[in-house]
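Comments concern the structure below.
We did not get these values from a lab; they are worked out from the coordinates using the rules stated. Please read these numbers as outputs of a predicted model, since none were measured by experiment. Because the Cβ atoms are built from the backbone with ideal geometry, glycine has one as well, and the counts that use them run over all protein chains shown.
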Amino acid sequence: MPTITDVPGVLVGHAEDREGLTGCTAVLVTDGAVAGVDVRGSAPGTRETDLMKPCNLVEKVHAIVLAGGSAYGLDAACGAMRFLEEKGVGFDTGFGIVPIVGAAVIFDLDVGNPKLRPDSEMGYLACKNASSSVPREGNAGAGLGATVGKLYGQRFAMKGGLGSWSIKLGAGKDPEGNEVSVIVGAIVVVNALGNIIDPKSGEVIAGAYDRDRGEFISLTYGDFQGFSGNTTIGVVATNAVLSKEGANKVAQMAHNGLARVIRPVHTMYDGDTVFALSTGQVAFTGDKAKDISLIGEAAASAIEVAVVRAVKNADELASIPAASSIMDS
């Protein structure tokens, strides 16, 4: 199955707390990757996003951590730093190495035990579990406590989750001149205020759902209950060469994928954030503007599929219905 781990050098690991119903997901690039980021939601919880801007010094990051637990979950990134330091991975300061770890979090405190949140130990474990294998989807890692369709409050919510996908664009050239496939992958944690839409049919897959009537609730604008406990966060990665400017543009374009399948998205109550990583192993067409545009659109398409997979692969949890349980009923 196509996933973000199809991009050489990208590893993914999960860790969860089944009592707290929360978790975290680590995306490792231990050889370093040029990074960009784009924050479109107005209620974000993030770490190290400023250094990913083109005008700032550090060129590469070594991991991105996606976590539940709201702002508390940012502590999971400290565990990732400890893990990477032990492996000798980081930015050489001359006085020791400093692993560069970006992070973003979702609000899931209203699903399980709000006193049990992702912490440094969970972040370390997620990194320890990281591999190039196909990552688990649905109720996995940071997607364990994710929900969607909270337009009318949590009691009408459905299960969100984690999804991944990848796309091959064609062949580029590695440093030795060999033809190598250019791959763009995505991994997302879907915890949106809005509904998730099937891009082919335009129908709601998961969203505000009346459990008593067994039907989705029509959205009446001006009547929904907003709360800043939502967010869709993710990472797109490619083996193609990108500058920091290019990575930031790809992160920006990747949000188009969210807009295609989440309605509404990028609201005042969401903290939607997408990171973009370039491992820089393959030169693509040789036209910088063309490369960025093609990779950005592929990133958006991979995000689109990953969001749909996140909810379709989720299971009912804590009496919160899932798309799978509705389809089976």
### Message
Using a 10 Å cut-off around each Cβ, can you sort CYS127, CYS24, CYS55 from fewest to most neighbouring Cβ atoms?
### Response
CYS55, CYS127, CYS24
### Query
Quick one: Cα centre-to-centre distance for region 274-329 and region 111-172, in angstrom?
13
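To the nearest whole percent, what portion of all C-alpha pairs in region 181-273 is separated by more than 16 angstrom?
Working: 2645 of 4278 pairs.
Of all Cα-Cα pairs in region 181-273, 62 percent lie more than 16 Å apart.
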### Task
Go through 272-279, 153-160 and give me the packing order, highest mean Cβ count within 10 Å leading.
272-279, 153-160
## Note on the structure
Counting only residues 5 or more apart in sequence or on a different chain, those whose built amide H sits under 5 Å from that of LYS159 are VAL148, ALA322, ALA323
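Taking a quarter of the surface of the convex hull around the Cα atoms of region 11-53, what do you get in nm²? Can you show the working numbers first?
Details: hull surface 17.5 nm².
Result: 4.4 nm².
How do ILE187, ILE196, ILE167 rank when sorted from fewest to most other Cβ atoms within 10 Å of their own Cβ?
Working: ILE187 33, ILE196 25, ILE167 19.
Ordered by Cβ neighbours within 10 Å, fewest first: ILE167, ILE196, ILE187.
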### Task
Treating the angle as unsigned and between 0 and 90°, give the value, to the nearest 10°, between the Cα long axis of helix 288-312 and the longest Cα principal axis of the chain.
30
### Message
Just to confirm my numbers, what's the Cα centroid distance between region 78-95 and region 22-39 in Å?
### Response
14
### Dipole of the chain, positive direction: furthest Cα of ALA15, ILE292, ASN129, with charges on the beta-carbon
ILE292
#### Entry: Expected-Rg normalisation [2.2 N^0.38 Å, Cα atoms] applied to the chain
0.93
### Message
Over the chain, with a Gaussian network built from C-alpha contacts below 10 Å, which listed residue (THR25, THR49, THR231) shows the highest mean-square fluctuation?
### Response
THR49
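Hey, got the dipole for the chain? About the Cα centre, +1 on K and R Cβ, -1 on D and E Cβ, debye to the nearest 20? Present the calculation step by step, with values, prior to reporting the outcome.
Details: 27 positive and 37 negative charges, 55 e Å.
It comes to approximately 260 debye.
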### Query
For region 167-177, what does the Karplus curve 6.51 cos²θ - 1.76 cosθ + 1.60, with θ = phi - 60°, yield as ³J(HN,Hα) per residue in whole Hz, taken in order and with x for Gly and Pro?
9, 9, 9, x, 9, x, 10, 7, x, 8, x
## Note on the structure
Zone reached by a paramagnetic label modelled 7 Å from LYS115 Cα along Cα→Cβ, restricted to region 7-47 with backbone N below 19 Å, covers 17-23
### Query
What FRET efficiency, computed as 1/(1 + (r/R0)^6) with R0 = 51 Å and r the Cβ-Cβ distance, is obtained for SER42 and LYS173, rounded to the nearest 0.05?
0.75
### Task
Kindly identify region 119-164 as rounded, prolate or oblate by the Cα gyration tensor criterion: order the square roots of the eigenvalues as a ≥ b ≥ c, call it rounded if a/c is under 1.5, otherwise compare a/b with b/c, prolate if a/b is larger, else oblate.
oblate
### Message
Through the Karplus equation 6.51 cos²θ - 1.76 cosθ + 1.60, θ set to phi - 60°, convert the phi angles of region 76-87 into ³J(HN,Hα) values in whole Hz; use x for Gly and Pro.
### Response
4, 5, 5, x, 5, 4, 5, 4, 5, 4, 4, 8
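For an R0 of 51 angstrom, estimate the FRET efficiency from the Cβ-Cβ distance between SER319 and ASP31 and round to the nearest 0.05. Kindly include the intermediate steps, with their values, before the conclusion.
Details: r = 44 Å, r/R0 = 0.86.
Taking R0 as 51 Å, the efficiency between SER319 and ASP31 is 0.70.
May I ask for the net charge around THR30, where only other residues with Cβ less than 15 Å from the Cβ of THR30 are counted and Lys, Arg are +1 while Asp, Glu are -1? Walk me through the intermediate numbers first.
Details: positive: LYS60, ARG82, LYS87, LYS128; negative: ASP31, GLU85, GLU86, ASP92.
Cβ neighbours under 15 Å give a net charge of 0.
Just subtract the alpha-carbon distance of GLU86 and LYS290 from 0.36 nm times their residue separation and send over the number in nm, one decimal.
Working: separation 204, 0.36 × 204 = 73.44 nm, distance 3.94 nm.
Stretched out fully, the GLU86 to LYS290 stretch lengthens by 69.5 nm.
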### Task
Report, in degrees rounded to the nearest 10, the 0 to 90 angle that the Cα long axis of helix 244-261 makes with the longest principal axis of the chain.
20
### Dipole of the chain, positive end: most advanced residue of CYS55, VAL204, GLN281 [Cβ charges, Cα centre]
VAL204
### Query
GLN154 versus SER131, label points 7 Å from Cα toward the beta carbon: distance in nm?
3.4
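If I stretch the segment between VAL58 and ALA259 completely, what's the gain in nm (0.36 nm per residue apart, minus their alpha carbon distance), one decimal?
Numbers: separation 201, 0.36 × 201 = 72.36 nm, distance 3.02 nm.
Difference between extended and current length: 69.3 nm.
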